[in-house]
Amino acid sequence: MGTSETFEETQRFGQPWIWLLIGAIGTVSVIASAGVGLVIVAAVAVLFYFARLTTEVRENGVYVRFAPLHRSFRHIPFDEIEQYKLTNFGFLTYGGIGIRWTPSTITYMTTRGNSVKLHRENQKSVVIGSERADELVTAITEEM
């Protein structure tokens, strides 16, 4: 990697409701003999199974990767970050889990709950969901 990490976290979609919903839709597709629907449901299930959000704090910035959608990390240099703070993420705030875009923000979430919002001048803010948001803020504070 070239630079050492002071924080690293990998999250997956582990919520039971996601898997119940995928299973229910798959069951309906099988009952309805909808082969195409079953293929689509299987593809979505595979995507959710392999999806993971990795966040790292390194000496030169914050790195975010939402695999398999991102092939490489998205780098947010510390000199672009004006302010950062702990926030609480709800579905109504940014529109759900995954990667979300609003006119002013890009959000990376695997579940609702705690997150860290990075405010950047003349660019979209970045919100990163974290099960260890306090540690993420501490790592950013120590590196900046």
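For this structure, a couple of remarks:
- Conditions (1) at pLDDT below 80; (2) outside any helix (DSSP H, G or I): number failed by residue 38: (2)
- Elements of the type strands (runs of 3 or more DSSP E) sitting completely within segment 80-144 and holding at least 3 residues that are in contact with a helix residue (DSSP H, G or I) (Cβ under 6 Å, 6 or more places away or on another chain): these cover 113-120.
- Any chance residue 84 is over 17 Å from residue 100 (Cα atoms) and modelled with pLDDT of 85 or more: yes
- Index of the failed condition, residue 4 passing every other in (1) at pLDDT below 80; (2) among the hydroxyl-bearing types (Ser, Thr, Tyr); (3) surrounded by 11 or more Cβ atoms within 10 Å (Cβ to Cβ): (3)
- Taking segment 41-77 as the range and being in a strand (DSSP E or B), of a type in the set (A, V, I, L, M) and under 17 Å from residue 106 (Cβ atoms) as the test, the residues that pass are 53, 62, 64, 67, 76.
- Selection status of residue 65, under 22 Å from residue 5 (Cα atoms), surrounded by fewer than 18 Cβ atoms within 10 Å (Cβ to Cβ), under 14 Å from the mean Cα position of the chain (by Cα) and at pLDDT 90 or above: no
The values are calculated or read from the model by the stated rules, or taken from the named source; none is laboratory data. Treat the numbers as computed from the prediction; the structure is a model and nothing was measured. Note that we place each Cβ from the backbone using ideal geometry, even for glycine, and neighbour counts take in every protein chain shown.
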